[in-house]
Amino acid sequence: MSIISRWWRRNKVALLFLSPWLLGLLTLSLIPMMVSLYLSFTNYNLFQSPDWVGWNNYINLFTNDTRYIKALEVTFIYVFVGVPLQLTLALALAMFLNRGLAGLELFRGIFYIPSLLGPSVAIALLWRKVFGSDGLFNQLVSNFGIEPRSWIGDPDTSLLTLILLHVWQFGSPMVIFLAGLRQIPKEYYEAASIDGAGRVGSFFRITIPMLTPILFFNLVMQIINAFQAFTSAFIVGGNGGVLDSTLFYTLYLFIAGFNNFQMGYASAMAWILLLIIGFFTALFFLSSKKWVHYET
């Protein structure tokens, strides 16, 4: 009996149960990805056959397309400002909830709601209304003598409003942080207290080192999610906002592919985004050996 036959007899039942997932992986992920990779080297407008152009799409993105460079700039600011602020708020709230409050389950559910509603069109519309010229935020800041304006329509503040929307979606990392905090043995804090360590010292010498695996997970997941943000920019900023101040990478990809019918160009952008996300993910994994501490 050949090696293939023996392998088939041992694994055919497992493959039978895995077949729906494997079929979905092949038809919904792998084949579309390969088609997208091919189209990234072509000029394709959905109505005519793809015309092979080689590396032209990739070269044009970095040499002739100023909007693409602006989209990169806006997206990097959004990711590397919004994610640290979001995780900081999530950790602070998790530590607050970890103090043994009555009704913890209720508070945990309430704080998780923003993560469920945040990416929705309804919340994006509400956000645009709140930070509009006649929105609730202007009514609030007018009490402090700040002149009302359209925070969404001002290129100096429009991106900040979307960063605040991202920070507001703190529920998911907060719940994960809370689970990690509840796994830290209380004996560690008792021993630190006996040695004279205060709350600040215990936080940096016990809490943070013990939470580094959770912090690493949240950081990687939120970085990936932030790079793919689309709904808020599309609903709040339209086609990129004033002076392209909210032109997210995925929004420009959508404009190129579905507004301008440059599917080959959009496919090249998609693959560059995949490489960017892969680069930062690999960077975090490689650096984790120096700052992530696992219990042994």
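Pairwise inverse Cα distances across region 171-296, averaged and inverted, put the Kirkwood hydrodynamic radius at 17.7 Å. Per residue, the chain exposes an accessible area of 59 Å² to a 1.4 Å probe, with every protein chain left in place. Under a model in which nothing but the beta-carbon of Lys, Arg (+1) and Asp, Glu (-1) is charged, the chain shows a dipole of about 1040 debye around its Cα centre.
Rounded to the nearest 0.05, the FRET efficiency derived from the C-beta distance between ILE4 and LEU30 at R0 = 22 Å is 0.50. Only helices enter this figure: runs of n ≥ 4 DSSP H residues, each worth -39500 (n - 2.57), summed and divided by the residues of the chain, yield -21500 deg cm²/dmol at 222 nm to the nearest 500. Using 0.36 nm per residue and subtracting the Cα-Cα separation, the extra length available between LYS70 and TRP21 on full extension is 13.8 nm.
Note on the chain: with neighbouring protein chains present and a 1.4 Å probe, carbon and sulfur make up 67 percent of its accessible heavy-atom surface.
Roughly how big is region 65-200's charge dipole about its Cα centre, with Cβ charges of +1 (Lys, Arg) and -1 (Asp, Glu), in debye to the nearest 20?
Values: 10 positive and 10 negative charges, 51 e Å.
Computed charge dipole of region 65-200: roughly 240 debye.
In terms of packing, defined here as the mean over residues of other Cβ atoms within 10 angstrom, the peptides 9-16, 73-80, 144-151, 108-115 line up highest first as 73-80, 108-115, 144-151, 9-16.
Within the chain, which DSSP H helices have Cα atoms that stretch 30 Å or more along the helix axis and a mean Kyte-Doolittle hydropathy of at least 0.0? Write out the running numbers ahead of the final one.
Numbers: long enough: 66-97 (46 Å, 1.49); 263-291 (41 Å, 1.38).
Span-like helices in the chain: 66-97, 263-291.
The values are calculated or read from the model by the stated rules, or taken from the named source; none is laboratory data. Please read these numbers as outputs of a predicted model, since none were measured by experiment. Every residue, glycine among them, receives a Cβ derived from its backbone with ideal geometry; neighbour counts consider all protein chains shown. Heavy atoms of the whole protein, side chains included, go into the accessibility calculation; ligands, DNA and RNA do not. Shrake-Rupley method; radii C 1.70, N 1.55, O 1.52, S 1.80 Å.
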